[in-house]
Amino acid sequence: AAILDIYNSGGPIDVDIKSDRSPITVADRLAHSVIREYLGQTRIPLLSEEGREMLYAERKDWDLFWMVDPLDGTVEFIKGNGEFTVNIALIENGSPVLGVVFAPALDRLFAGAVGLGSFVEDQGVRRNIACRSEPAAGLTVVASRSHGDADALASFLAGRKVASQTNAGSSLKLCLVAAGEADVYPRLGRTMEWD
């Protein structure tokens, strides 16, 4: 709701640039604040893209923690195309055991937990999801809308049968694979822990 208030305000979006040269907006900061306050009630440590920089030495012995990207796809948020998400995972002993990805502008929620399965909820309608096996007609490929390398992607796909290719923003690409709506998302560039 906090992100959508800013997104739907119709006003200009103030953009700052972080030290890694990625954009950040007031919506990123506000989402972080809301999530930190809520999850803080669990007393489980939180590692967030927009939180204070926390060295690995400080967190390497955490057995359980929240991993958060309060607004994944800030570029898509700025562009106004709706393809941004809120990502929250519970990490136990180095592995995710619960994950929730919500695309507020699309009203689409993806969630899953070890031992419980996964689902997508589209505008209030929930259905179970699973990755699919490679179809005979060829792969459905999803690629980054804003951070792609066309040559690297073409090289990766060389020799593979591709039925279709589409672009999407933020973690939606991985969610499309998880939901069986795409077969592969080749992430060929750098990535961060919360991604």
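The values are calculated or read from the model by the stated rules, or taken from the named source; none is laboratory data. Here the structure is a predicted model, which is why all the values come from computation and not from measurement. Note that we place each Cβ from the backbone using ideal geometry, even for glycine, and neighbour counts take in every protein chain shown. Remember, those area values only see protein heavy atoms, side chains included, never the ligands or the DNA or RNA. Shrake-Rupley method; radii C 1.70, N 1.55, O 1.52, S 1.80 Å.
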Go through region 158-181 and give me each residue that's open to solvent by less than 20 Å² (accessible area, probe 1.4 Å) and over 20 Å from Asp69 (Cβ atoms). Gly180
Going residue by residue through region 56-75, is there one that turns out to be touching a strand residue (DSSP E or B) at 6+ places or on another chain (Cβ under 8 Å) and free of Cβ contacts under 8 Å to residues at least 12 places away in the same chain? no
Got a number for residues in region 132-157 being within 21 Å of the chain's Cα centre (by Cα), at pLDDT 90 or above and either open to solvent by 30 Å² or more (accessible area, probe 1.4 Å) or under 11 Å from Pro186 (Cα atoms) (or both)? 2
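Within region 116-139, can you find the residues that are within 11 Å of Lys161 (Cβ to Cβ) and not acidic (Asp, Glu)?
Filtering region 116-139 down to residues within 11 Å of Lys161 (Cβ to Cβ) leaves 134-139.
The answer is Pro135, Ala136, Ala137, Gly138, Leu139.
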